[in-house]
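For reference, the structure discussed in these notes is given below.
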Amino acid sequence: MYFCTSARYFHRNFLIMKQSPLILITILALVGLFSAGCGPSQPAAAAPPVDETFEAGQVAVPVEAAAVETGSIALLLNYSANLEAQKDVYLAPKVAGQVEKVLVKVGDPVTKGQPIAVLEHDLYAAQLKQAQGALGEAKLTLQKMEDGARPEELAAAQSALDIARAALKDAANIDDNERTTAAFNLANAQSALRLAQAEYDKIAWAGQVGQTPQALGLEHATNAYEASLAAYNLQTNPTDVQLAPLEGQLVQAQLQLTLAQKPFRPVDFEIVRAKIQQAEGAVEQARLQLDYATIKAPLNGVVAELYIDEGDLVGNSTPLGRVVCTAVDVKLDIEESRFGQVFAGQNVSLRVAAHPGVDFPALVTNVAPVADADTHTFKVTVAPLDKEGRLRPGMFADTTLLAQENHNTLLVPLTAVTTVNGQPTVYVVSPNGTVEQRTVTPGLSNQTRIEILSGVQAGEMVVITGQANLENGIQVEVVPEL
(Lines give C-alpha, C1' and ligand atoms only; values in the text may rest on other atoms or scores of the structure.)
Protein backbone atom coordinates (compact mmCIF):
# COMPACT_ATOMS: atom_id res chain seq x y z
CA MET A 1 0.00 0.00 0.00
CA TYR A 2 0.99 3.68 -0.64
CA PHE A 3 0.57 4.56 3.05
CA CYS A 4 2.97 1.83 4.06
CA THR A 5 5.87 3.51 2.29
CA SER A 6 8.78 4.18 4.59
CA ALA A 7 8.90 7.46 6.54
CA ARG A 8 12.37 8.09 5.10
CA TYR A 9 10.97 8.18 1.54
CA PHE A 10 8.38 10.79 2.44
CA HIS A 11 10.94 12.77 4.35
CA ARG A 12 13.27 13.21 1.36
CA ASN A 13 10.43 14.06 -1.02
CA PHE A 14 9.06 16.72 1.27
CA LEU A 15 12.53 18.28 1.54
CA ILE A 16 12.62 18.64 -2.20
CA MET A 17 9.18 20.25 -2.12
CA LYS A 18 10.60 22.92 0.25
CA GLN A 19 7.85 22.57 2.87
CA SER A 20 8.10 24.03 6.35
CA PRO A 21 9.94 21.81 8.91
CA LEU A 22 6.91 21.84 11.18
CA ILE A 23 4.65 20.52 8.44
CA LEU A 24 7.24 17.85 7.55
CA ILE A 25 7.40 16.63 11.11
CA THR A 26 3.61 16.42 11.28
CA ILE A 27 3.38 14.46 8.05
CA LEU A 28 6.15 12.10 9.11
CA ALA A 29 4.31 11.40 12.32
CA LEU A 30 1.14 10.57 10.40
CA VAL A 31 3.12 8.26 8.13
CA GLY A 32 4.42 6.41 11.17
CA LEU A 33 0.90 5.91 12.49
CA PHE A 34 -0.30 4.57 9.19
CA SER A 35 2.66 2.18 9.11
CA ALA A 36 1.87 0.95 12.60
CA GLY A 37 -1.78 0.46 11.63
CA CYS A 38 -0.78 -1.99 8.91
CA GLY A 39 1.39 -4.07 11.24
CA PRO A 40 -1.17 -6.55 12.67
CA SER A 41 -2.18 -7.92 9.28
CA GLN A 42 1.38 -8.72 8.19
CA PRO A 43 4.73 -9.31 9.82
CA ALA A 44 6.74 -6.12 10.35
CA ALA A 45 9.27 -5.48 7.59
CA ALA A 46 12.86 -4.68 8.46
CA ALA A 47 13.55 -0.87 8.57
CA PRO A 48 15.93 0.51 5.91
CA PRO A 49 19.34 1.76 7.08
CA VAL A 50 19.25 5.26 8.52
CA ASP A 51 21.10 8.05 6.64
CA GLU A 52 24.16 8.93 8.70
CA THR A 53 23.97 12.59 7.62
CA PHE A 54 21.19 13.29 10.10
CA GLU A 55 21.10 12.78 13.78
CA ALA A 56 18.02 11.31 15.34
CA GLY A 57 15.14 13.82 15.23
CA GLN A 58 17.11 16.44 13.18
CA VAL A 59 15.60 17.69 9.88
CA ALA A 60 17.46 19.86 7.28
CA VAL A 61 15.52 23.07 6.50
CA PRO A 62 15.08 23.64 2.76
CA VAL A 63 16.32 27.10 1.64
CA GLU A 64 17.31 28.94 -1.51
CA ALA A 65 20.77 30.51 -1.65
CA ALA A 66 22.88 32.69 -3.91
CA ALA A 67 26.58 33.51 -4.10
CA VAL A 68 28.07 36.81 -2.97
CA GLU A 69 29.20 38.50 -6.18
CA THR A 70 31.50 41.40 -7.08
CA GLY A 71 30.08 44.05 -9.37
CA SER A 72 28.75 47.59 -9.75
CA ILE A 73 25.65 49.22 -8.27
CA ALA A 74 24.18 52.70 -8.59
CA LEU A 75 21.86 54.86 -6.51
CA LEU A 76 19.16 56.26 -8.79
CA LEU A 77 16.72 59.05 -7.91
CA ASN A 78 13.48 59.22 -9.88
CA TYR A 79 11.39 62.39 -10.38
CA SER A 80 8.73 63.58 -12.82
CA ALA A 81 8.02 67.08 -14.12
CA ASN A 82 7.03 69.03 -17.23
CA LEU A 83 9.55 70.18 -19.80
CA GLU A 84 9.83 73.97 -19.91
CA ALA A 85 11.36 76.29 -22.46
CA GLN A 86 14.65 77.62 -21.14
CA LYS A 87 13.55 81.10 -22.24
CA ASP A 88 10.03 82.35 -22.91
CA VAL A 89 9.70 86.00 -24.01
CA TYR A 90 6.60 88.08 -24.70
CA LEU A 91 7.18 90.71 -27.39
CA ALA A 92 6.25 94.36 -26.80
CA PRO A 93 7.35 97.41 -28.83
CA LYS A 94 9.43 100.13 -27.20
CA VAL A 95 7.82 102.81 -29.37
CA ALA A 96 4.27 103.46 -30.54
CA GLY A 97 3.10 103.33 -34.13
CA GLN A 98 1.06 101.57 -36.78
CA VAL A 99 2.05 98.06 -37.83
CA GLU A 100 3.38 98.31 -41.38
CA LYS A 101 4.49 94.70 -41.93
CA VAL A 102 4.30 91.37 -40.12
CA LEU A 103 7.23 89.28 -41.33
CA VAL A 104 6.61 85.90 -39.60
CA LYS A 105 3.78 83.57 -38.69
CA VAL A 106 3.12 81.25 -35.77
CA GLY A 107 5.45 78.26 -35.82
CA ASP A 108 8.24 79.95 -37.78
CA PRO A 109 11.74 79.46 -36.39
CA VAL A 110 13.58 82.71 -35.73
CA THR A 111 17.10 83.70 -34.80
CA LYS A 112 18.09 86.41 -32.34
CA GLY A 113 17.86 89.84 -34.00
CA GLN A 114 15.65 88.65 -36.88
CA PRO A 115 12.89 91.20 -37.77
CA ILE A 116 9.42 90.04 -36.78
CA ALA A 117 7.34 93.15 -37.52
CA VAL A 118 7.91 96.73 -38.72
CA LEU A 119 6.14 99.88 -37.52
CA GLU A 120 5.79 103.05 -39.61
CA HIS A 121 8.98 104.99 -38.93
CA ASP A 122 8.97 108.16 -41.06
CA LEU A 123 8.59 110.36 -37.98
CA TYR A 124 11.46 108.63 -36.21
CA ALA A 125 13.67 109.02 -39.29
CA ALA A 126 12.93 112.78 -39.41
CA GLN A 127 13.73 113.13 -35.71
CA LEU A 128 17.04 111.41 -36.31
CA LYS A 129 17.95 113.85 -39.08
CA GLN A 130 17.06 116.79 -36.87
CA ALA A 131 19.20 115.48 -34.03
CA GLN A 132 22.09 114.84 -36.41
CA GLY A 133 21.84 118.43 -37.66
CA ALA A 134 21.99 119.83 -34.13
CA LEU A 135 25.02 117.69 -33.42
CA GLY A 136 26.77 118.93 -36.56
CA GLU A 137 26.10 122.54 -35.60
CA ALA A 138 27.54 122.04 -32.13
CA LYS A 139 30.66 120.44 -33.57
CA LEU A 140 31.13 123.31 -36.04
CA THR A 141 30.83 125.81 -33.20
CA LEU A 142 33.61 124.06 -31.35
CA GLN A 143 35.74 123.98 -34.50
CA LYS A 144 35.22 127.72 -35.02
CA MET A 145 36.21 128.42 -31.44
CA GLU A 146 39.34 126.29 -31.74
CA ASP A 147 40.31 128.04 -35.01
CA GLY A 148 40.12 131.50 -33.35
CA ALA A 149 39.95 134.93 -35.12
CA ARG A 150 40.82 135.37 -38.78
CA PRO A 151 44.12 137.11 -39.69
CA GLU A 152 42.26 140.20 -40.96
CA GLU A 153 40.48 140.58 -37.62
CA LEU A 154 43.74 140.33 -35.74
CA ALA A 155 45.34 142.93 -38.03
CA ALA A 156 42.44 145.38 -37.57
CA ALA A 157 42.55 145.04 -33.80
CA GLN A 158 46.30 145.59 -33.79
CA SER A 159 45.93 148.69 -35.95
CA ALA A 160 43.27 150.19 -33.67
CA LEU A 161 45.56 149.63 -30.72
CA ASP A 162 48.45 151.33 -32.43
CA ILE A 163 46.30 154.38 -33.28
CA ALA A 164 45.01 154.70 -29.74
CA ARG A 165 48.49 154.37 -28.33
CA ALA A 166 49.80 157.08 -30.72
CA ALA A 167 46.99 159.48 -29.85
CA LEU A 168 47.69 159.18 -26.15
CA LYS A 169 51.38 159.62 -26.73
CA ASP A 170 50.81 162.76 -28.80
CA ALA A 171 48.60 164.23 -26.12
CA ALA A 172 50.96 163.42 -23.29
CA ASN A 173 54.22 164.47 -25.02
CA ILE A 174 54.57 168.15 -26.35
CA ASP A 175 57.44 168.70 -28.80
CA ASP A 176 59.55 171.90 -29.02
CA ASN A 177 57.69 173.32 -32.03
CA GLU A 178 54.39 173.14 -30.23
CA ARG A 179 55.91 174.73 -27.14
CA THR A 180 57.43 177.53 -29.22
CA THR A 181 54.17 178.25 -31.01
CA ALA A 182 52.24 178.31 -27.74
CA ALA A 183 54.84 180.67 -26.15
CA PHE A 184 54.82 182.94 -29.21
CA ASN A 185 51.04 183.25 -29.12
CA LEU A 186 51.12 183.95 -25.41
CA ALA A 187 53.83 186.65 -25.85
CA ASN A 188 51.83 188.40 -28.57
CA ALA A 189 48.75 188.44 -26.41
CA GLN A 190 50.75 189.81 -23.53
CA SER A 191 52.21 192.60 -25.69
CA ALA A 192 48.79 193.53 -26.99
CA LEU A 193 47.52 193.66 -23.43
CA ARG A 194 50.29 196.04 -22.35
CA LEU A 195 49.65 198.28 -25.35
CA ALA A 196 45.92 198.45 -24.63
CA GLN A 197 46.64 199.18 -20.99
CA ALA A 198 48.89 202.08 -21.92
CA GLU A 199 46.21 203.60 -24.18
CA TYR A 200 43.62 203.27 -21.48
CA ASP A 201 45.85 204.84 -18.87
CA LYS A 202 46.08 208.01 -20.98
CA ILE A 203 42.35 208.75 -20.57
CA ALA A 204 41.62 207.14 -17.32
CA TRP A 205 41.96 210.47 -15.41
CA ALA A 206 39.05 212.02 -17.30
CA GLY A 207 36.40 209.85 -15.82
CA GLN A 208 33.44 208.37 -17.69
CA VAL A 209 35.75 206.26 -19.86
CA GLY A 210 33.97 202.93 -19.66
CA GLN A 211 32.63 203.11 -23.15
CA THR A 212 35.59 204.61 -24.79
CA PRO A 213 37.53 202.76 -27.50
CA GLN A 214 40.50 202.57 -25.17
CA ALA A 215 38.46 200.78 -22.51
CA LEU A 216 37.02 198.36 -25.01
CA GLY A 217 40.47 197.65 -26.49
CA LEU A 218 41.86 196.89 -23.01
CA GLU A 219 39.02 194.47 -22.38
CA HIS A 220 39.64 192.64 -25.67
CA ALA A 221 43.35 192.46 -25.06
CA THR A 222 42.80 191.07 -21.59
CA ASN A 223 40.50 188.33 -22.90
CA ALA A 224 42.93 187.43 -25.64
CA TYR A 225 45.77 187.20 -23.16
CA GLU A 226 43.84 184.88 -20.86
CA ALA A 227 42.87 182.64 -23.78
CA SER A 228 46.46 182.47 -24.96
CA LEU A 229 47.61 181.69 -21.43
CA ALA A 230 45.07 178.83 -21.15
CA ALA A 231 46.06 177.46 -24.54
CA TYR A 232 49.71 177.63 -23.57
CA ASN A 233 49.03 175.70 -20.37
CA LEU A 234 47.00 173.05 -22.20
CA GLN A 235 49.55 172.59 -24.91
CA THR A 236 52.53 172.43 -22.61
CA ASN A 237 50.90 170.57 -19.62
CA PRO A 238 47.89 168.30 -20.67
CA THR A 239 45.47 167.55 -17.81
CA ASP A 240 43.89 164.26 -16.73
CA VAL A 241 40.67 165.40 -18.31
CA GLN A 242 42.43 165.56 -21.65
CA LEU A 243 44.28 162.27 -21.26
CA ALA A 244 41.45 160.14 -19.75
CA PRO A 245 39.44 159.65 -22.98
CA LEU A 246 42.60 158.78 -24.86
CA GLU A 247 43.63 156.30 -22.18
CA GLY A 248 40.16 154.72 -22.32
CA GLN A 249 40.43 154.32 -26.06
CA LEU A 250 43.82 152.65 -25.59
CA VAL A 251 42.43 150.17 -23.03
CA GLN A 252 39.51 149.35 -25.29
CA ALA A 253 41.85 148.76 -28.22
CA GLN A 254 44.04 146.46 -26.11
CA LEU A 255 40.96 144.48 -25.00
CA GLN A 256 39.77 144.04 -28.57
CA LEU A 257 43.18 142.74 -29.61
CA THR A 258 43.27 140.29 -26.68
CA LEU A 259 39.80 139.02 -27.53
CA ALA A 260 40.78 138.62 -31.13
CA GLN A 261 43.90 136.65 -30.16
CA LYS A 262 42.16 134.49 -27.52
CA PRO A 263 38.40 135.03 -27.73
CA PHE A 264 37.32 132.06 -25.52
CA ARG A 265 38.07 130.86 -22.03
CA PRO A 266 38.44 127.16 -21.08
CA VAL A 267 34.95 127.18 -19.58
CA ASP A 268 33.56 128.31 -22.95
CA PHE A 269 35.04 125.21 -24.57
CA GLU A 270 33.62 122.99 -21.81
CA ILE A 271 30.16 124.47 -22.35
CA VAL A 272 30.29 123.73 -26.07
CA ARG A 273 31.61 120.21 -25.47
CA ALA A 274 28.73 119.59 -23.06
CA LYS A 275 26.31 120.73 -25.75
CA ILE A 276 27.95 118.30 -28.17
CA GLN A 277 27.41 115.46 -25.69
CA GLN A 278 23.77 116.44 -25.35
CA ALA A 279 23.43 116.49 -29.12
CA GLU A 280 25.11 113.09 -29.39
CA GLY A 281 22.65 111.73 -26.81
CA ALA A 282 19.75 113.12 -28.81
CA VAL A 283 21.10 111.45 -31.95
CA GLU A 284 21.49 108.12 -30.17
CA GLN A 285 17.99 108.37 -28.74
CA ALA A 286 16.53 109.16 -32.16
CA ARG A 287 18.50 106.30 -33.72
CA LEU A 288 17.23 103.88 -31.05
CA GLN A 289 13.66 104.97 -31.62
CA LEU A 290 14.07 104.38 -35.33
CA ASP A 291 15.61 100.99 -34.63
CA TYR A 292 12.84 100.11 -32.16
CA ALA A 293 10.32 100.61 -34.94
CA THR A 294 11.52 97.21 -36.20
CA ILE A 295 10.44 94.50 -33.73
CA LYS A 296 13.17 91.85 -33.56
CA ALA A 297 13.39 88.36 -32.10
CA PRO A 298 15.03 88.52 -28.65
CA LEU A 299 16.43 84.97 -28.87
CA ASN A 300 16.83 81.90 -31.03
CA GLY A 301 13.57 80.01 -30.93
CA VAL A 302 10.17 79.66 -32.51
CA VAL A 303 7.19 82.02 -32.78
CA ALA A 304 4.65 80.55 -30.37
CA GLU A 305 1.98 83.26 -30.60
CA LEU A 306 1.18 86.45 -32.58
CA TYR A 307 -1.41 89.03 -31.52
CA ILE A 308 -1.11 91.67 -34.29
CA ASP A 309 -2.03 92.24 -37.91
CA GLU A 310 -0.83 94.80 -40.43
CA GLY A 311 -2.49 98.17 -39.84
CA ASP A 312 -2.94 97.73 -36.07
CA LEU A 313 -2.02 100.66 -33.87
CA VAL A 314 0.21 99.59 -31.00
CA GLY A 315 1.66 101.36 -28.00
CA ASN A 316 4.92 100.80 -26.22
CA SER A 317 3.27 98.32 -23.86
CA THR A 318 1.03 96.45 -26.32
CA PRO A 319 1.84 92.70 -26.41
CA LEU A 320 2.70 91.64 -29.95
CA GLY A 321 3.46 87.94 -29.60
CA ARG A 322 5.50 85.30 -27.85
CA VAL A 323 8.80 83.64 -28.76
CA VAL A 324 9.99 80.53 -26.93
CA CYS A 325 13.43 78.97 -26.96
CA THR A 326 13.57 75.51 -28.56
CA ALA A 327 15.97 74.37 -25.85
CA VAL A 328 14.08 72.93 -22.88
CA ASP A 329 14.86 71.98 -19.32
CA VAL A 330 13.17 70.35 -16.35
CA LYS A 331 12.67 71.92 -12.93
CA LEU A 332 12.72 69.25 -10.22
CA ASP A 333 11.85 69.63 -6.53
CA ILE A 334 14.46 67.64 -4.58
CA GLU A 335 13.81 66.68 -0.97
CA GLU A 336 16.04 68.15 1.69
CA SER A 337 17.28 64.65 2.57
CA ARG A 338 18.55 64.19 -1.03
CA PHE A 339 20.20 67.62 -1.36
CA GLY A 340 23.69 66.27 -0.75
CA GLN A 341 23.27 63.68 -3.51
CA VAL A 342 22.51 66.16 -6.29
CA PHE A 343 25.13 68.42 -7.88
CA ALA A 344 25.76 70.44 -11.03
CA GLY A 345 27.12 68.30 -13.86
CA GLN A 346 25.37 65.17 -12.59
CA ASN A 347 24.24 62.68 -15.26
CA VAL A 348 20.50 62.28 -15.77
CA SER A 349 18.38 60.01 -17.96
CA LEU A 350 15.08 61.41 -19.25
CA ARG A 351 12.08 59.75 -20.89
CA VAL A 352 8.91 61.16 -22.46
CA ALA A 353 5.76 59.44 -23.69
CA ALA A 354 6.15 61.01 -27.13
CA HIS A 355 9.28 58.89 -27.74
CA PRO A 356 8.70 55.57 -25.92
CA GLY A 357 11.79 53.56 -25.14
CA VAL A 358 14.16 56.44 -25.86
CA ASP A 359 16.48 57.58 -23.07
CA PHE A 360 17.53 61.20 -23.53
CA PRO A 361 20.81 62.03 -21.77
CA ALA A 362 20.74 65.15 -19.63
CA LEU A 363 22.80 67.05 -17.08
CA VAL A 364 22.02 68.89 -13.87
CA THR A 365 22.83 72.52 -14.71
CA ASN A 366 21.83 74.28 -11.49
CA VAL A 367 20.98 73.46 -7.88
CA ALA A 368 19.23 76.17 -5.90
CA PRO A 369 21.33 77.18 -2.88
CA VAL A 370 18.23 77.92 -0.77
CA ALA A 371 15.27 75.65 -0.04
CA ASP A 372 11.68 76.67 -0.59
CA ALA A 373 10.34 77.96 2.72
CA ASP A 374 6.99 76.16 2.34
CA THR A 375 7.94 72.79 0.81
CA HIS A 376 11.52 72.54 2.12
CA THR A 377 12.63 71.30 -1.28
CA PHE A 378 15.43 72.53 -3.49
CA LYS A 379 14.80 73.52 -7.10
CA VAL A 380 17.10 71.58 -9.45
CA THR A 381 17.39 72.39 -13.16
CA VAL A 382 18.07 69.54 -15.61
CA ALA A 383 18.96 70.29 -19.24
CA PRO A 384 18.46 67.48 -21.81
CA LEU A 385 21.13 66.95 -24.47
CA ASP A 386 18.66 66.93 -27.37
CA LYS A 387 20.62 67.80 -30.50
CA GLU A 388 17.83 66.65 -32.79
CA GLY A 389 15.26 68.90 -31.10
CA ARG A 390 12.72 66.14 -30.45
CA LEU A 391 11.70 67.44 -27.03
CA ARG A 392 9.10 70.21 -26.77
CA PRO A 393 7.93 72.46 -23.95
CA GLY A 394 4.96 71.03 -22.07
CA MET A 395 5.92 67.35 -22.46
CA PHE A 396 5.78 65.27 -19.28
CA ALA A 397 9.17 63.79 -18.45
CA ASP A 398 10.32 60.99 -16.14
CA THR A 399 13.87 61.66 -14.97
CA THR A 400 16.41 59.40 -13.33
CA LEU A 401 19.40 60.98 -11.59
CA LEU A 402 22.57 58.97 -11.07
CA ALA A 403 23.26 59.96 -7.44
CA GLN A 404 26.08 57.51 -6.75
CA GLU A 405 27.79 54.57 -8.44
CA ASN A 406 30.12 52.07 -6.75
CA HIS A 407 32.30 49.65 -8.70
CA ASN A 408 34.01 46.38 -7.71
CA THR A 409 31.88 46.02 -4.62
CA LEU A 410 30.18 43.01 -2.93
CA LEU A 411 26.57 42.42 -3.97
CA VAL A 412 23.85 40.04 -2.83
CA PRO A 413 20.17 39.69 -3.76
CA LEU A 414 17.98 42.18 -1.92
CA THR A 415 16.07 39.32 -0.21
CA ALA A 416 19.27 38.01 1.41
CA VAL A 417 19.30 40.77 4.03
CA THR A 418 16.83 40.44 6.89
CA THR A 419 16.58 42.13 10.29
CA VAL A 420 17.46 40.32 13.51
CA ASN A 421 17.27 42.24 16.78
CA GLY A 422 17.18 45.47 14.82
CA GLN A 423 20.41 44.67 12.94
CA PRO A 424 20.77 43.92 9.19
CA THR A 425 21.64 40.22 9.01
CA VAL A 426 22.42 37.52 6.46
CA TYR A 427 22.66 33.72 6.84
CA VAL A 428 25.82 32.29 5.28
CA VAL A 429 25.66 28.61 4.25
CA SER A 430 28.82 26.77 5.34
CA PRO A 431 30.30 23.82 3.40
CA ASN A 432 28.90 21.33 5.99
CA GLY A 433 25.33 22.51 5.37
CA THR A 434 24.84 24.65 8.46
CA VAL A 435 24.10 28.37 8.45
CA GLU A 436 26.00 31.13 10.20
CA GLN A 437 24.10 34.24 11.24
CA ARG A 438 26.14 37.40 10.48
CA THR A 439 25.48 41.08 11.04
CA VAL A 440 26.38 43.06 7.90
CA THR A 441 26.78 46.69 6.85
CA PRO A 442 24.56 47.41 3.82
CA GLY A 443 25.33 50.09 1.23
CA LEU A 444 23.56 51.08 -1.97
CA SER A 445 20.59 49.09 -3.18
CA ASN A 446 18.28 48.87 -6.16
CA GLN A 447 15.17 46.86 -6.95
CA THR A 448 17.01 43.51 -6.99
CA ARG A 449 20.40 43.78 -5.30
CA ILE A 450 22.07 45.39 -2.30
CA GLU A 451 25.66 46.31 -1.60
CA ILE A 452 27.36 44.72 1.45
CA LEU A 453 30.18 46.82 2.85
CA SER A 454 31.24 44.36 5.60
CA GLY A 455 30.27 40.95 6.98
CA VAL A 456 30.66 38.67 3.96
CA GLN A 457 33.24 37.72 1.36
CA ALA A 458 32.98 37.16 -2.38
CA GLY A 459 31.96 33.61 -3.30
CA GLU A 460 30.18 32.78 -0.03
CA MET A 461 26.61 31.45 -0.27
CA VAL A 462 23.88 33.39 1.50
CA VAL A 463 20.28 32.34 2.08
CA ILE A 464 17.81 34.33 -0.02
CA THR A 465 14.57 32.48 0.85
CA GLY A 466 13.51 30.73 4.06
CA GLN A 467 15.25 32.86 6.71
CA ALA A 468 12.15 32.89 8.96
CA ASN A 469 12.85 29.33 10.17
CA LEU A 470 16.61 29.70 10.56
CA GLU A 471 18.80 29.97 13.60
CA ASN A 472 22.55 30.16 13.94
CA GLY A 473 24.06 26.68 13.28
CA ILE A 474 20.88 25.01 12.01
CA GLN A 475 21.18 22.41 9.25
CA VAL A 476 19.82 23.48 5.85
CA GLU A 477 19.42 21.94 2.44
CA VAL A 478 19.87 24.27 -0.55
CA VAL A 479 17.21 23.65 -3.15
CA PRO A 480 17.06 25.08 -6.67
CA GLU A 481 15.30 28.38 -7.18
CA LEU A 482 11.90 28.13 -8.77
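The values are calculated or read from the model by the stated rules, or taken from the named source; none is laboratory data. Not measured: the values here are computed from a predicted model. Backbone-built Cβ (ideal geometry, glycine too); neighbour counts: all protein chains shown.
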Inset, instruction - Find all pairs meeting these conditions: Cβ atoms under 7 angstrom apart; at least six residues apart or on different chains; first residue within segment 260-278 and surrounded by 13 or more Cβ atoms within 10 Å (Cβ to Cβ); second residue among the hydroxyl-bearing types (Ser, Thr, Tyr). - result: 272/141
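Modelled with pLDDT of 80 or more and farther than 30 Å from residue 163 by Cβ: is that true of residue 228 in this structure? Quick ask: steps written out before the conclusion?
Values: modelled with pLDDT of 80 or more: no; farther than 30 Å from residue 163 by Cβ: yes.
No, not satisfied.
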Inset, instruction - Kindly provide the set of residues from segment 156-212 that are modelled with pLDDT of 70 or more and not in a helix (DSSP H, G or I), ordered by number. - result: 211, 212
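Looking for whichever is among the basic types (Lys, Arg) and farther than 30 Å from residue 96 by Cα here; the options are 275, 262. Which one fits? First the steps, then the outcome.
On the way: 275 fails: farther than 30 Å from residue 96 by Cα.
Every option except 262 fails the conditions.
How many residues does segment 339-382 contain that are at positive phi and either at pLDDT 95 or above or more than 22 Å from the chain's Cα centre (by Cα) (or both)?
Residues meeting the conditions: 2.
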Inset, instruction - Select from segment 385-427 the residues that are under 30 Å from residue 82 (Cα atoms), surrounded by 16 or more Cβ atoms within 10 Å (Cβ to Cβ) and touching a residue at least 60 places away in the same chain (Cβ under 8 Å) and list them in ascending order. - result: 391, 393, 395, 397, 399, 400, 401, 403
Inset, instruction - Go through (1) modelled with pLDDT under 95; (2) touching a strand residue (DSSP E or B) at 6+ places or on another chain (Cβ under 8 Å) and name the single condition residue 428 misses. - result: (1)
Legend entry - Search result, residues across segment 108-126 that are within 18 Å of residue 309 (Cα to Cα) and not in a loop (DSSP other than H, G, I, E, B): 115, 116, 117, 118, 119
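If I ask for residues that are closer than 17 Å to residue 470 by Cβ and touching a strand residue (DSSP E or B) at 6+ places or on another chain (Cβ under 6 Å), which ones from segment 407-425 would you list?
First, the residues of segment 407-425 that are closer than 17 Å to residue 470 by Cβ: 412-413, 415-421, 423-425.
Answer for segment 407-425, where residues must be closer than 17 Å to residue 470 by Cβ and touching a strand residue (DSSP E or B) at 6+ places or on another chain (Cβ under 6 Å): 412, 413, 415, 416, 417, 418, 423, 424, 425.
Looking at the structure I just gave you, is residue 235 at pLDDT 80 or above, more than 30 Å from residue 154 (Cα to Cα) and of a type outside the set (Lys, Arg)? Break it down stepwise before answering.
Numbers: at pLDDT 80 or above: no; more than 30 Å from residue 154 (Cα to Cα): yes; of a type outside the set (Lys, Arg): yes.
The answer is no for residue 235.
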